[in-house]
Amino acid sequence: MRAVLIERPGDETVLRVGDAERPALGAGELRIAVAATAVNRADLLQRQGHYPPPPGASPLLGLECAGTVAEIGAGVAGWALGDRVMALLPGGGYAEEVVVHAGSAMRVPERLSLEEAAAVPEVFLTAFSNLFPIGRLEAGGSALVHGGGSGVGTAAIQLIRAAGARAIVTAGSDEKCARCRDLGADVAIQYRTESFAERVKEVTGGRGVDVVLDSLGASYLEGNLASLAIGGRLVLIGLMGGAKVEMNLAALLARRLSVIGSTLRTRPLEEKAAIVAGFEARFGADLAAGRIRPIVDRVLPLERAAEAHRAMKASEHFGKIVLRVA
């Protein structure tokens with residue numbers, strides 16, 4: 001089958017389209033004929049050799065896809081050949097076929113194309129699981145989300161709004177801030193020209209937010225803790241700004257703050273299935289009705305995966321970069 005291969009760890013030039021072995025179908029799994037996949041920051045790290053796939057996962061890039069059901073494994077019910085499907089993957093999406101546990105698959109709403117659907121699983125499930133089951137964000141509460149113009153950020157804005165909470169985001173340009181507000185963010189902070197911690201205190205009347213969703217890590221830790229309300233939760237989902245930092249633990253004690261680390265890719269299948277089911281139960285109707293939707297910046301053919309990686313590295317995009325496979 002056709003797939004994007006990595007000749008060796010390195011920059012975008014190591015990516016090439018070639019032939020890869022078809023994945024074997026096991027019990028409880030679906031084989032998907034992939035129409036489209038989408039690019040995530042984790043793909044860039046894996047390409048550089050910094051984020052290996054979990055044991056047993058495909059070595060190919062790609063953490064999500066959309067397509068049609070091509071084969072059904074033993075013990076799988078509720079799916080038929082040809083059904084439109086989107087799925088969360090531990091790897092393998094940059095290819096013509098994937099196999100995935102049925103618990104990680106979702107039906108594609110009628111109003112979405114398969115290219116749009118490919119931009120849903122990774123970012124919406126990441127935003128959902130970390131803001132709600134983990135971050136315990138409630139209606140009437142507030143959340144600060146860094147990278148409001150990213151895939152996770154654009155998904156988070158919509159989920160926070162749909163949940164009846166207040167969304168405060170950061171972004172790296174005035175244009176991206178405006179687009180975040182158009183999407184539903186209550187406040188968008190241009191982090192290159194403003195202190196996000198000071199602005200959060202200002203717009204919350206000194207209280208702070210209930211949840212911070214952060215992919216930066218060390219470089220933002222002090223500001224994140226300062227942005228939290230008493231009893232607030234910092235949910236850390238990435239380390240783009242570094243992994244090591246010295247901190248004063250007194251702030252955690254005095255203000256009863258929680259710092260929670262979270263990943264999605266390495267979770268057991270049962271936990272992923274529970275996240276998928278929880279998302280569909282709470283927000284599935286919103287997705288089907290178009291009240292929440294994937295924000296697709298551009299669609300490129302699979303052969304231009306290197307270009308897609310360069311665009312993501314430069315943060316040129318707003319929302320998701322999709323790769324057309326079929």
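Bear in mind that the values in this text are calculations on the coordinates, not laboratory data. Not measured: the values here are computed from a predicted model. Note: ideal-geometry Cβ built from the backbone for every residue, glycine included; neighbour counts use all protein chains shown.
Structure summary
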{"quantity": "Distance between modelled label sites at residue 136 and residue 298, nm, 7 Å Cα→Cβ extension", "calculated": "4.3 nm"}
{"quantity": "Cα-centre dipole for the range 1-86 with unit charges at Cβ (Lys and Arg positive, Asp and Glu negative), debye to 20", "calculated": "40 debye"}
{"quantity": "Shape call, the range 1-54: gyration tensor on alpha carbons, a/c limit 1.5", "calculated": "prolate"}
{"quantity": "Normalised contact order of the chain, rounded percent, pairs of Cα under 8 Å and 6 or more residues apart", "calculated": "19 percent"}
{"quantity": "Taking 320, 272, 201, 244 and counting other C-beta atoms within 10 Å, the order from fewest to most", "calculated": "244, 201, 272, 320"}
{"quantity": "Rounded to the nearest 20 debye, dipole of the range 237-287 from Cβ charges on Lys, Arg, Asp, Glu", "calculated": "200 debye"}
{"quantity": "Mean separation of Cα contacts under 8 Å, 6 or more apart, over the residue count of the range 123-261: relative contact order %", "calculated": "20 percent"}
{"quantity": "Nearest-ten-degree value, helix 269-289 long axis tilted from longest Cα axis of the chain", "calculated": "80 degrees"}
{"quantity": "Dipole in debye (nearest 20) - the range 123-261, about Cα centre, beta carbon charges: Lys, Arg +1; Asp, Glu -1", "calculated": "240 debye"}
{"quantity": "Proximal aspartates and glutamates relative to residue 176, as straight alpha-carbon distance under 14 Å, when same-chain residues fewer than 8 apart are discounted", "calculated": "186, 297, 316"}
{"quantity": "Residues 180, 65, sorted so that the one with the fewest Cβ neighbours within 10 Å comes first", "calculated": "180, 65"}
{"quantity": "Globularity index of the chain, i.e. its alpha-carbon radius of gyration over 2.2 N^0.38 Å", "calculated": "0.98"}
{"quantity": "Cα gyration tensor category, rounded, prolate or oblate, for the range 123-261 with a/c compared to 1.5", "calculated": "rounded"}
